[in-house]
Each structure stands twice: as C-alpha cells, then as structure tokens.
Amino acid sequence: MADLSHVSEAPQPRWSREPDGACHTADGGVFGRSADEPVAAARAREEAAKAVCAGCDVRVECRRHALAAREPYGVWGGLTADERRALFTGDPVASAA
Ligand code: SF4
C-alpha cells in the first residue's frame, strides 16, 4: 500500500481543474461517465482522459487535490477513481471486463 501520510485530512481550499488544466481545452466528455456506460467503454474513456492528464501542467496539484478531497468520481491528475481508492485501501484496481 502506498504511503499517503503526506496527504492532509484537513479541509482543502477549493481547487478546480479549470482553467489551468489541459482538460479545460480537451474533449470534456472523456472526464465524465454516464450511469449506463459499459465497463469497456468507461476504461477506454478513462485511458483517453489519462492521456490528456499526462501532458497537463497542473497534474501534480490536481492529483494532490483529488487525494486530499477524496474525489469519488472521474479522472483527476491521471488517476481514475478506482486507482485513487486502491491507494487508500490497498485493494487491486478492477480490470476491464
Ligand atoms: S491533471 Fe488531468 S484532470 Fe487534472 S487538471 Fe490536468 S488534465 Fe484536468
């Protein structure tokens, strides 16, 4: 399990992916999931979002925010919700069905 002792439990100032994030100008559809999205499509969309994050100038700040705020949904800082959850729980990330 990753050492997350540096991630504060204290309330964080509100931080937004926009306007500095690469997702501000990218296809925003890759960052949001509809309730009825098939798992394989969700994984493909998440990979597209992670590719956007890979070139983002605020990736570290974004990831830090998402971990501290326990953002429950979406790709933040190049990590999916499942990947962030796995960092805290040590559980393996579910693979695409
Ligand atoms: S790291 Fe990803 S989600 Fe965060 S601001 Fe950048 S592009 Fe957006």
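What follows is calculated from the coordinates using simple rules that are stated; it is not laboratory data. What you are looking at is a predicted structure, and each value in this text was computed from that prediction instead of being measured. Note: ideal-geometry Cβ built from the backbone for every residue, glycine included; neighbour counts use all protein chains shown.
Determine the sum of side-chain charges near V93: Lys and Arg each +1, Asp and Glu each -1, restricted to other residues whose C-beta is under 9 angstrom from that of V93. Within the 9 Å Cβ shell, the charges total -2.
Ranking request for peptides 47-56, 33-42: highest mean number of other beta-carbon atoms within 10 Å first, then the rest in descending order. Don't jump to the answer; show the numbers that get you there.
Numbers: 47-56: 16.8, 33-42: 10.9.
The most tightly packed comes first, giving 47-56, 33-42.
Per-peptide packing, taken as the mean over residues of other Cβ atoms within 10 Å, places 74-83, 58-67 in the sequence 74-83, 58-67 from highest down.
What translational D, rounded to a whole number of µm²/s, comes out for the stretch 22-89 from Stokes-Einstein when the hydrodynamic radius is the Kirkwood one over Cα pairs, at 20 °C and 1.002 mPa s? Provide the component values of the computation, followed by the final result.
Numbers: Rh = 12.1 Å.
Approximately 178 µm²/s, per Stokes-Einstein.
For the stretch 60-73, the Karplus equation 6.51 cos²θ - 1.76 cosθ + 1.60, evaluated at θ = phi - 60°, returns couplings of 5, 4, 5, 5, 4, 4, 4, 6, 5, 8, 6, 4, x, 10 Hz by residue, with Gly and Pro reported as x.
With Cα atoms defining each centre, the stretch 26-47 and the stretch 62-76 are spaced 17 Å apart in the structure.
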